[in-house]
1. In the stretch 201-241, which residues are within 30 Å of Val447 (Cβ to Cβ), open to solvent by 10 Å² or more (accessible area, probe 1.4 Å) and β-branched (Val, Ile, Thr)?
2. So for the stretch 133-144 (the condition being over 26 Å from Gly320 (Cβ atoms), of a type in the set (Ser, Thr, Tyr) and either open to solvent by 10 Å² or more (accessible area, probe 1.4 Å) or in a loop (DSSP other than H, G, I, E, B) (or both)), does at least one residue qualify?
3. Go through the stretch 161-200 and give me each residue that's small (Gly, Ala, Ser) and either touching a Gly at 6+ places or on another chain (Cβ under 6 Å) or without any contact (Cβ under 8 Å) to a residue 60 or more places away in the chain (or both).
4. Which residue is modelled with the lowest pLDDT, if the candidates are limited to the stretch 161-190 and must be among the polar types (S, T, N, Q) and within 28 Å of Trp42 (Cβ to Cβ)?
5. Just checking: which of the helices (runs of 4 or more DSSP H) contained wholly in the stretch 1-106 hold 2 or more residues that are within 28 Å of Phe242 (Cβ to Cβ) and without any contact (Cβ under 8 Å) to a residue 24 or more places away in the chain?
6. Restricting to the stretch 308-331, name every residue that is open to solvent by 30 Å² or more (accessible area, probe 1.4 Å) and not in a helix (DSSP H, G or I).
7. Could you tell me which residue of the stretch 145-160 is farthest from Tyr59 (Cα to Cα), considering only residues that are in a helix (DSSP H, G or I) and out of contact with any Pro (no Cβ under 8 Å at 6 or more places or on another chain)?
8. Considering only the stretch 217-231, state which residues are touching a residue at least 24 places away in the same chain (Cβ under 8 Å) and within 22 Å of Ser422 (Cβ to Cβ).
Amino acid sequence: MVFTSTIFLGIFLPLLFALYFLANKAARPYVLLVFSLFFYAWGEPSAFVVMVALMVVNYVLGLIIAKTASRGKLAQLVLMLGFVIDLGALVGYKYLGFIVENLLPVVKLCGGTLSVPKIALPIGISFYVFQILSYLVDVYRREVAAQRNPAKFMLYVGFFPQLIAGPIVRYQTIAADIENREANFDNIVAGVRRFGIGLAKKVLIADTMASIADIVFDAPVKSIPCAYAWLGAIAYTLQIYFDFSGYSDMAIGLGRVFNFRFLENFDHPYAACSVQEFWRRWHISLSSWFRDYLYIPLGGNRKGAIRTYLNMFTVFFLCGLWHGAAWNFVVWGVYHGVGLVVERAGLKNLIARLPRPLANLYLMLFVIVGWVFFRAPDLSYAVGYLGNMFGGAEAAFTSFVPAFDFAVLNWFLLMIAGVIASYPVFDKLVARVPEAVRLVSAAVLFVVVYMVAMTGAYSPFIYFRF
């Protein structure tokens, strides 16, 4: 079930609101849990079993870690067991086929045979496994008390707004919210408004940009002229931002309706002027997770320049792999890791001397090139596509034109609107509008987008596959 589907908008959400706000405070966590589990089980019963099994195991492990925290070695062993189980599930479901596929040449060279397993990836497993791991580590560090109510622990892991595409929520940031089931009118209004903004990002901008990007990236790579290669890359750059930030807005908004305050996941990343700044603004919950649970434990920047560069490279290699079991995702992660290392080695000093528009242009060129690796079906396609962008394609320019319907002017108008809305200047302009006008505009926008989503075909969010 997805946020833009008819079943979610027309049945699931209204029914949840009605039952939740009619229930007393003691019953509300259980209403949320039942609906969250139903939300996840709707399309994938087998994946539901995997998630519930991990919930139960990690609930018990969290209690054991809390009880044995004073006996360091035992708590450490239990924590390691949790890592083995959780990462084992993630690797088994997400990466086993990729690993076997890459071992095939070696096995064949040795005269053996090996079949590549076809394993269905449980949706959202990368997100909820990272949430569980952060919980276990924080309990081990005594930064948070273990949750003793199994239903409330399951609600933390499986709360439907952010379950399948983030943001990655840490238990310590919402521990108090889980206990607070008061209905707050201001939070409801703010949450619905935020949900509407996210829905508009997805339905109006992301899905429109997808129409452009899909036409280009679905074409044979040798047939794509230079100008169209750039058009497709820019369209995808806007699509992935408005798709993912739109989902985060909807998750944050729905959380707010039910009195949960999730941390922000995006802060105008395309306004950044360096790769380092970009990662402070893009998918903040993931970048901060890697920083706090991998980069700093590896030594961070405390053990000399070479070790710092190696730590950064390791983090972004794994960041790329986290996004998908394919070499193009690995290359995308390494590409960003190399960019960070080069900046730290001295390029950041040169960037700092540039006027901000030029520094931003540098960053956007870097990011757009990276998104080609992310969107391409495989690594060889990405390399050919980038060759078209920077070297031109042999195909005649006119051979690609019929694929586009230039009568649809809203494609290009929305592309311009998307570029403007990617920068803080848009928020500053909106902030100058009187609050009453903003409220009315938000209400109208919500109704219009809600109707569009209800009557149109929906497309899944990009990050669902991770």
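The values are calculated or read from the model by the stated rules, or taken from the named source; none is laboratory data. What you are looking at is a predicted structure, and each value in this text was computed from that prediction instead of being measured. Using ideal geometry, Cβ is built from the backbone for each residue, glycine included, and neighbour counts are taken over all protein chains shown. Surface accessibility is based on the protein's heavy atoms, side chains included, excluding ligands, DNA and RNA. Shrake-Rupley method; radii C 1.70, N 1.55, O 1.52, S 1.80 Å.
1. Of everything in the stretch 201-241, those that are within 30 Å of Val447 (Cβ to Cβ), open to solvent by 10 Å² or more (accessible area, probe 1.4 Å) and β-branched (Val, Ile, Thr) turn out to be Val203, Ile205, Thr208.
2. For the stretch 133-144, residues over 26 Å from Gly320 (Cβ atoms), of a type in the set (Ser, Thr, Tyr) and either open to solvent by 10 Å² or more (accessible area, probe 1.4 Å) or in a loop (DSSP other than H, G, I, E, B) (or both): present.
3. Ala175, Ala176, Gly191, Gly198
4. Taking the stretch 161-190 as the starting set, the residues that turn out to be among the polar types (S, T, N, Q) are 162, 172-173, 180, 184, 187.
Checking which are within 28 Å of Trp42 (Cβ to Cβ) leaves us with 162, 173, 180, 187.
On the way: Gln162: 88, Thr173: 92, Asn180: 85, Asn187: 92.
Out of the qualifying residues, it is Asn180.
5. Working: elements: 13-22, 28-41, 45-67, 72-94.
Result: 13-22.
6. Taking the stretch 308-331 as the starting set, the residues that turn out to be open to solvent by 30 Å² or more (accessible area, probe 1.4 Å) are 309-310, 313-314, 317-318, 321, 325, 327, 331.
Residue satisfying the conditions is Ala325 alone.
7. Pass one, the stretch 145-160, residues in a helix (DSSP H, G or I): 150-158, 160.
Filter once more, keeping what is out of contact with any Pro (no Cβ under 8 Å at 6 or more places or on another chain): 150, 153-154, 156-158, 160.
Working: Pro150: 7, Phe153: 7, Met154: 8, Tyr156: 11, Val157: 10, Gly158: 13, Phe160: 18 Å.
Residue satisfying both the conditions and the ranking: Phe160.
8. Passing the criteria: Phe217, Ala227, Tyr228, Ala229, Trp230.
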